[in-house]
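Down below is the structure, laid out as structure tokens.
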Amino acid sequence: MLPGEIPSFIFRGAVLSVDGAEQVVKDLSLERPVVNGRIARDDVLYLRFKSGLEMEYDAKRVAEIPGRIPDFLKPGEKIFLRETLTDAFAKATNGVWQIDSVSAKQDGGIRLVLKRAADRPDKPNATAFISRTFNSDTMSAVGRSEPVPVQAGPTEAPRGPIIAPPTAVFKRK
């Protein structure tokens, strides 16, 4: 498989159906496996999911869930947009944008309205808005961290002084 042959619905953060269950893609990579001590001719697409499942891509087992919006496409989140066109407007749109609104289209696509502060010295408070259909090849999440799991237990902070653990002191001889 070549990088251009990876289906467009497979990207980091995508929600896919694997054997009938929803899985979120954590990472994907093209690797060349070793079979019987020899390197295979073609690269194989490996998928790693947030649930811990790791597998080789198989079109019979992995399917797109139409209309399912990935977790990182929420209003307020930041996204990096990289236009592939060469005109001046496309070059001006390259960079980090904030998602203003997200909507699902009837054909299964995801429509985004993006905003950012315009770089205009004559109008410092100007805001630029653009509308784009989500494309995993030209858009990616920026600075997104994994959600912190909720801890069960007491809600109060422990009382008493906070004592730092002892540290080792090494002396030169």
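The values are calculated or read from the model by the stated rules, or taken from the named source; none is laboratory data. Since we're looking at a predicted model, the values are computed, not measured. All Cβ positions, glycine included, derive from the backbone under ideal geometry; neighbour counts span all protein chains shown. Heavy atoms of the whole protein, side chains included, go into the accessibility calculation; ligands, DNA and RNA do not. Shrake-Rupley method; radii C 1.70, N 1.55, O 1.52, S 1.80 Å.
Quick one: is Asp27 acidic (Asp, Glu), within 14 Å of Asp58 (Cβ to Cβ) and out of contact with any helix residue (DSSP H, G or I) (no Cβ under 7 Å at 6 or more places or on another chain)?
On the way: acidic (Asp, Glu): yes; within 14 Å of Asp58 (Cβ to Cβ): no; out of contact with any helix residue (DSSP H, G or I) (no Cβ under 7 Å at 6 or more places or on another chain): yes.
Answer is no for this residue.
Right, Lys91: open to solvent by 40 Å² or more (accessible area, probe 1.4 Å), closer than 19 Å to Ala128 by Cα and modelled with pLDDT under 80 or not?
Yes; evaluated as a whole, the condition is true for this residue.
If Asn36 meets every condition in (1) within 30 Å of Ile130 (Cβ to Cβ); (2) polar (S, T, N, Q); (3) modelled with pLDDT under 85 apart from one, which number is that one?
(1)
Out of segment 31-64, which residues are β-branched (Val, Ile, Thr) and open to solvent by 40 Å² or more (accessible area, probe 1.4 Å)?
Of everything in segment 31-64, those that are β-branched (Val, Ile, Thr) and open to solvent by 40 Å² or more (accessible area, probe 1.4 Å) turn out to be Val34, Val35, Ile39.
Name every residue in segment 1-30 that is outside any strand (DSSP E or B), open to solvent by 50 Å² or more (accessible area, probe 1.4 Å) and within 21 Å of Gly109 (Cα to Cα), in order of residue number. Don't jump to the end; show me each part of the working.
So in segment 1-30, the residues outside any strand (DSSP E or B) come out as 1-14, 19-20.
Then drop every residue that is not open to solvent by 50 Å² or more (accessible area, probe 1.4 Å), which leaves 1-5, 8, 12, 19-20.
Across segment 1-30, the qualifying residues are Gly4, Glu5, Ser8, Arg12.
What do you reckon, is Lys74 of a type in the set (Lys, Arg), in a loop (DSSP other than H, G, I, E, B) and within 20 Å of Phe134 (Cβ to Cβ)?
So Lys74 passes the test.
So is Met139 open to solvent by less than 30 Å² (accessible area, probe 1.4 Å) and at pLDDT below 85 or not?
Spelling it out, Met139 is indeed open to solvent by less than 30 Å² (accessible area, probe 1.4 Å) and at pLDDT below 85.
So, of the residues in segment 40-71 that are touching a residue at least 40 places away in the same chain (Cβ under 8 Å) and outside any loop (DSSP other than H, G, I, E, B), which turns out to be farthest from the chain's Cα centre (by Cα)?
Filtering first and then ranking leaves Val44.
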